[in-house]
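Read-outs: derived from the displayed coordinates by stated rules, not from any lab. Quantities reported herein were computed from a predicted structural model and do not represent experimental measurements. Quick reminder, even Gly has a Cβ in these numbers, built from the backbone with ideal geometry, and neighbours come from all protein chains shown.
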Amino acid sequence: MTDSNSSLSNLDLETPEKPFLDSNELVINMGPQHPATHGVLRVILRLDGEKVLGLECVIGYLHRGVEKIGEHRTYTMFNPYVDRMDYVAAVSNGLGYCETVEKLLNVEAPPRAQHVRVILTELNRIASHQLWLGTHALDIGAITPLFYTFRDREEILKIYEKYCGARLTTHAFRIGGLQYETYAGFEKDVKNFLAFFRPKIDEYEELLTTNRIWVERTKNVGAISAQDCIALGVTGPVLRASGVKWDLRKAKPYANYKNFDFDIPTGENGDTYDRYLVRMAEMRQSVRIIQQAVDALPEGPIMAKVPKVMKPPAGEVYHSIEAPKGELGYFIVSDASTQPYRVRVRPPSFVNLQALDVMCRGQLVADVIAVIGTLDIVLGEVDR
Amino acid sequence: MIAKLKAGYGSGIEPLSYAGQNYMVVDRSLIPEILLVLRNEEQFDFCVDITAVHYPQREKQFDVVWVLYSFARNERIRVKTQILDGESLPSSVPIWPGANWLEREVFDMFGIKFDGHPDLKRILLPEDWKGHPLRKDYGILQQDNEWVQINLGIESGQ
């Protein structure tokens with residue numbers, strides 16, 4: 001007893017010569033299995049107490065070698081693989097791929113096919129944003145929206161199931177158009193869904209937008225400026241919330257988006273709250289587009305004249321679409337054989353995830369969760 | 001714009017077009033210069049994608065492609081260069097910070113090194129994996145059996 005007392009009194013507790021507990025920087029692992037990382041994402045945080053000094057993302061846990069597989073499958077055989085990348089918004093992936101190969105083959109889908117494509121893709125945008133809203137609110141602590149947003153998503157998935165048989169990985173489009181004609185009652189179903197869904201967005205806004213806890217948790221969290229976004233290559237709602245009014249559907253229109261009237265919602269500060277508002281507004285715009293599309297559905301063929309054995313002439317094409325998460329690009333190199341020579345997918349979530357470090361500097365650990373949610377990443381797309 | 005660049009660099013640039021998309025094949029020696037000119041003078045401030053294609057039959061085996069976009073001109077352009085196996089390229093990270101992970105992925109999948117990259121290590125595959133999968137001489141079912149045996153404790157992944 002006396003020994004330890006004397007040894008304690010020997011220690012100079014006022015000003016230690018060298019720090020025996022370096023409590024300045026702590027490295028913590030937010031491991032691949034975590035309820036709030038939306039998949040298998042590993043984040044290594046450097047913390048000073050609760051404040052984040054920097055972070056590093058380790059990805060690749062869901063790498064399936066989709067680009068390598070693309071070199072060993074024919075163009076039509078590769079179509080189903082594409083849905084599995086961003087499995088939340090599978091229809092958009094299919095649209096991007098089909099349009100890129102159509103560019104290589106120099107065919108254009110007929111007007112009716114393009115119209116139906118727009119309807120299904122915008123429904124997909126709503127479904128993706130609904131899943132985003134539910135999981136993002138859940139991460140921040142608002143458990144209620146999850147159940148309601150998934151119920152809305154169910155309605156959309158029912159339409160997909162009636163149309164092409166699959167809910168999630170739909171393989172809805174074919175190169176050159178569509179395979180299935182819209183089923184009897186498709187337009188009535190879509191119109192009923194719109195009538196059902198329109199007031200729901202207002203309900204969710206009522207739950208969250210002026211909610212004091214929500215505003216406290218999301219305002220000024222994860223702010224990123226427009227210059228940083230452009231420098232880092234960030235696209236999608238994140239870029240629009242930072243003030244850049246840019247949307248591929250307006251800048252480089254594809255699939256007859258030229259014929260529809262819609263706005264591009266933008267934010268001011270580029271923080272989490274603005275990204276939330278931008279996505280809610282995007283859902284409203286999607287409803288507007290679907291309403292216009294379904295009111296003016298033209299008659300006609302649904303498939304262009306495409307050879308059964310596809311051998312596009314040698315060349316390379318880059319084409320991108322505005323997926324719900326950002327700019328989804330496909331770079332396909334063809335060597336005049338039945339299989340592509342190289343398929344490169346430019347995933348929006350992969351490039352957006354680079355911004356996580358910049359957005360989280362100086363924030364608290366709880367804000368890291370909010371920022372991961374607001375970036376809306378899907379690991380299937382990040383890793384491919 | 002292409003005419004101006006061609007006038008400036010002569011034979012180092014070959015402008016081409018396919019399916020309505022403009023791209024240029026640039027000499028390896030011109031590489032950081034052309035990208036800087038494109039960003040500073042021609043306002044291509046957005047690096048959309050960096051990727052590579054492997055042509056094993058050619059002498060210059062790799063085609064490295066930059067896809068750039070300009071907000072001001074609403075124009076997209078591709079810059080391609082051809083390099084030998086084992087040759088390295090200057091990194092574009094000082095020009096566009098977003099090129100960081102894109103170049104790491106090209107290194108991971110093809111083995112093309114970028115000089116001056118702040119942190120060039122594998123991104124999608126484990127750190128100590130051997131081999132670069134997207135090369136044409138890497139089999140579709142091939143795996144790094146040594147890594148699998150050490151880390152997963154099984155004989156092989158097949």
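Name the trypsin sites (Lys or Arg not before Pro) in the stretch A:308-349 that are in a loop by DSSP and that have at most 14 other C-beta atoms within 10 Å, would you? Can you show the working numbers first?
Working: sites: A:Lys308, A:Lys325, A:Arg342, A:Arg344; in loops: A:Lys308, A:Lys325.
When the trypsin sites (Lys or Arg not before Pro) of the stretch A:308-349 are filtered for loop state and at most 14 Cβ neighbours within 10 Å, A:Lys308 remain.
If r is the Cβ-Cβ distance from A:Leu53 to B:Arg73 and R0 is 30 Å, what FRET efficiency results, to the nearest 0.05? Present the calculation step by step, with values, prior to reporting the outcome.
Numbers: r = 39 Å, r/R0 = 1.30.
So, using R0 = 30 Å, E works out to roughly 0.15.
Compute the label zone of A:Ala226 within the stretch B:41-70: residues whose backbone N is under 17 Å from the point 7 Å along Cα-to-Cβ.
B:43-47, B:70
Looking at the stretch B:9-67, which GluC sites (Glu not before Pro) are DSSP coil and have at most 13 other C-beta atoms within 10 Å of their C-beta?
Values: sites: B:Glu33, B:Glu41, B:Glu42, B:Glu59; in loops: B:Glu41, B:Glu42, B:Glu59.
Listed in order of number, the matching sites are B:Glu41, B:Glu59.
Starting from the stretch A:291-384, pick out the GluC sites (Glu not before Pro) whose DSSP state is loop and whose Cβ has at most 10 other Cβ atoms within 10 Å.
Details: sites: A:Glu299, A:Glu316, A:Glu322, A:Glu327, A:Glu381; in loops: A:Glu299.
Answer in residue order: A:Glu299.
With a Förster radius of 56 Å, plug the Cβ-Cβ distance of A:Lys191 and B:Ser17 into 1/(1 + (r/R0)^6) and report the FRET value to the nearest 0.05. If you can, show how the numbers build up before the last one.
On the way: r = 44 Å, r/R0 = 0.78.
After rounding, the FRET efficiency stands at 0.80.
Below 12 angstrom from the Cβ of B:Gly139, what's the summed charge of the other residues (Lys, Arg +1; Asp, Glu -1)?
Values: positive: A:Lys68, B:Arg135, B:Lys136; negative: A:Glu71, B:Asp137, B:Asp144.
After counting each charged neighbour, the total is 0.
Under a plain spin-label model, where a point goes 7 Å from the Cα along Cα-to-Cβ, how far apart in nm are B:Val37 and B:Ile150?
Between B:Val37 and B:Ile150, the label points sit 4.6 nm apart.
Measure nothing fancy, just the Cα-based angle from helix A:144-164's long axis to the longest principal axis of chain A, in degrees from 0 to 90, nearest 10.
The angle comes out at about 30 degrees.
I need the calculated FRET efficiency for the pair A:Asn24 and B:Asp115, taking r as the beta carbon distance and R₀ as 30 Å, to the nearest 0.05.
Details: r = 34 Å, r/R0 = 1.12.
FRET efficiency, A:Asn24 to B:Asp115: 0.35.
Where a Cα-Cα gap under 30 Å defines reach, which lysines qualify for A:Lys191, not counting those fewer than 8 residues away within the same chain?
A:Lys158, A:Lys162, A:Lys200, A:Lys245, A:Lys250, A:Lys252, A:Lys258, A:Lys325
Taking the alpha-carbon distance from A:Lys308 and a cut-off under 22 Å, which lysines remain once sequence neighbours fewer than 8 residues away in the same chain are dropped?
Hits, sequence-local ones excluded: A:Lys103.
Shape of the protein assembly as shown from its Cα gyration tensor (a ≥ b ≥ c, root eigenvalues): rounded if a/c is under 1.5, otherwise prolate when a/b > b/c, or oblate? Intermediate results must be reported in sequence, preceding the final value.
Values: a/c = 1.67, a/b = 1.17, b/c = 1.43.
Note, shape of the protein assembly as shown comes out oblate.
Going by Cα centres, the stretch B:53-95 and the stretch A:102-173 are how many Å apart?
So the separation of the two Cα centres works out to 34 Å.
Summarise the partner chain shielding of A:353-364 as one whole number: the mean count of Cβ atoms from other chains within 10 Å of each residue's Cβ.
Rounded to a whole number, the mean comes out at 1.
What whole-number value in cubic angstrom gives the convex hull volume per residue for the C-alpha atoms of the stretch A:65-383?
Working: hull volume 37.9 nm³, N = 319.
Dividing the Cα hull volume of the stretch A:65-383 by its residues yields 119 Å³.
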